[in-house]
Amino acid sequence: MKSVTRMVLIAALFAAPVASFAQSSQPVSRAQVRAELAQLEQAGYDPHDWIHYPENIQAAQAKVAAQNALAQAPVSGYGGATDGTSRSGAASGM
């Protein structure tokens with residue numbers, strides 16, 4: 001019986017940090033939840049489609065995450081990435 005009690009105590013010690021970590025986030029307001037739901041619905045999520053629930057919301061969350069990543073990307077100059085060199089004029093092949 002002592003081994004069962006010891007195992008339960010050890011399991012509780014391992015679970016305590018996980019539970020406290022889950023509670024460390026800031027509370028979300030009702031307006032924030034509604035805005036997030038509207039953003040998911042615009043990305044294609046249908047809250048009434050319970051048959052395809054996990055795939056439906058995961059696809060919408062991926063779209064929203066991609067849109068947010070593009071919105072937060074810094075905008076600089078024209079064209080693609082640069083390699084740090086500059087070339088201008090004609091080639092000097094003499």
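The values are calculated or read from the model by the stated rules, or taken from the named source; none is laboratory data. Since this is a predicted model, take the numbers as computed values, not measurements. Glycine also receives a Cβ, built like all others from the backbone with ideal geometry; neighbour counts cover every protein chain displayed.
Pick out the one residue from 35, 59, 11, 31 that is among the small types (Gly, Ala, Ser), modelled with pLDDT under 65 and either in contact with a helix residue (DSSP H, G or I) (Cβ under 8 Å, 6 or more places away or on another chain) or not in a loop (DSSP other than H, G, I, E, B) (or both).
On the way: 35 fails: modelled with pLDDT under 65; 59 fails: modelled with pLDDT under 65; 31 fails: modelled with pLDDT under 65.
Residue meeting the stated conditions: 11.
If you check every pair at least six apart or on different chains, which have Cβ atoms under 6 Å apart with a residue in region 30-51 that is over 18 Å from residue 62 (Cβ atoms) and touching a residue at least 12 places away in the same chain (Cβ under 8 Å) first and a residue that is loosely packed, with under 11 Cβ neighbours inside 10 Å and β-branched (Val, Ile, Thr) second?
Pairs found: none.
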